[in-house]
Structure formats: C-alpha cells, structure tokens
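I have placed the structure first, in the form of structure tokens, so that the comments after it can refer back to it.
Just so it is clear, none of the values below were taken in a lab; they were calculated from the coordinates. What you see is a predicted model; the values in this text were computed from it and never measured. Cβ placement follows ideal geometry from the backbone for every residue including glycine, while neighbour counts extend to all protein chains displayed.
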Amino acid sequence: MNRNEWPDRTLTRLDDNSFAVQQNPMKKLTSICVYCGSGQGNDPAFEQAAFHLGKTMADEGLRLVYGGGNTGLMGTVARAVIDHGGKVTGIIPEFLKDREVMLKEADDMIVVPDMHTRKQLMFDRADAFVALPGGVGTLEELVEQLTWSQLGQHTKPILIADIKGFWKPLLSLFEHMRDTRFIRDRFNVNYLVADTSEDILPMLMASTRHHVPEEGDRTITEKL
C-alpha cells in the first residue's frame, strides 16, 4: 500500500487500486477561527460575548484567526485578545481593507487578493471554528465549514455560539433538513452549540481531547 498524509486525513491506496481516506485524531488546540459580524448587532449581549471569548482565548494562549477587520464584533473579539496579551492573525482581502477598517494592531496581518484565498488561509491556520452572531458572510463561512466536514474533508470542531438564541432559526432549519431526509445519517452535519460565551472554550477543548476516530469514521473510498 502507498500512503500519503494530510494534517487531519490519511490517504491509503488499497490493493484493488482504490483510495480509502481516514480521519486522524485531532492535535492539541492552539488556534481558533472566529466568524462574526462586522457590525455590533442590536443586543449588547453579542458584543459582550465577543469580548469574553477574546479575553478567554488570550488567557488560554489560543491564537485568534479571523477576517482582519476593526469594526463590529470582529473588532471587539480581536481587540479583546490583543488587550489581554494574546496573538491575532487577521486575513483580509485587499478590497475590504478600507470597508472593514483593517486592524493594524494585529501581530500577524495578511492581505490577500480575494475572498477564496482568505477563506482557505483561515481554514489552514485554525484548529477549530466558532460562529458568533453575524450576517450573511458569517453564515456563508459557517455553512462552508459544515459542508467540508460533512463531506469528510476535515474533522476540526465547529461550534455555533447561539448567543441569546441568535442561531435558533438556522438550527431549526437543520432539523427540518434532517426530518425531510436531505441531511441523512451517513452524511450528518456535526457541530457543537454553546448558549453562552463561557461554554465555548470548555466545549472545544473537550471535543479535541475526546475525538478519536472509530472504525469507519468519515471513511471515503474512491475508485480510480
């Protein structure tokens, strides 16, 4: 058998000339990608949650990976990390530098040519993903990671921070998709849900500690 490895996948060529892809155990959590709005929203609880998450990430020595902006919840979570001694990687497309007001205080700011490069780098630099309240951009980024996970492309934890019930309509839609069999058991959509910002890091850390692939876990076989 010939074997190649990705950070969270093992590709093995089988004797019948097919490939089997098996997910590997998660490594230690060192960085978290946070998706969130470039606005504040209309409830102070959203900004409070972003601040608390940033502070606790800094306290735990976890690097923030995010979209690089200085406005809204994006700015709140990033400044909270920086103000409490943490590290921040911002990844922002050239055309958004002015609109989202690039955060110059980040110790690692990467300007990229387009959104596709931004999203790929955010994925590459992060060990887990958190979605705070946000708009359609936040929703799109969250759903993309859920889709990649569903299709067996990664096993990094994905957590939906349902602050003040913000994501309840989306969670209800997922249940509707299950009920109508558009999300099926074999290709389930896996995510964590935290009701408060205090629950986010404990849930992610527990997830990375306990994730050991079982036989057949997210295994995909493709014929050449």
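A few points about this structure:
- Backbone amide hydrogens, once placed in the peptide plane, bring THR89 within less than 5 Å of LEU64, VAL65, TYR66, excluding anything fewer than 5 places away on its chain.
- Per-residue Karplus couplings for the stretch 73-81, computed as 6.51 cos²θ - 1.76 cosθ + 1.60 with θ equal to phi - 60°, are listed in order as 5, 4, x, 4, 5, 5, 5, 5, 4 Hz, Gly and Pro entered as x.
- Evaluated with a Cβ-only charge set (Lys, Arg +1; Asp, Glu -1), the stretch 29-214 carries a dipole of roughly 280 debye about its Cα centre, given to the nearest 20.
- Projected over all directions and averaged, the alpha-carbon convex hull of the stretch 159-201 occupies 3.2 nm².
- Cα centroid separation - the stretch 39-74 against the stretch 148-166, whole Å: 17
- Legend: ranking of residues ARG178, ARG63, ARG125 from fewest to most surrounding C-beta atoms inside 10 Å; resulting order ARG178, ARG125, ARG63.
- Protection proxy ranking of 103-110, 81-88 - average other beta-carbon atoms within 10 Å, highest first: 81-88, 103-110
- Fully extending the segment from TRP148 to ALA206 would add 18.7 nm, taking 0.36 nm per residue of separation and subtracting the current Cα-Cα distance.
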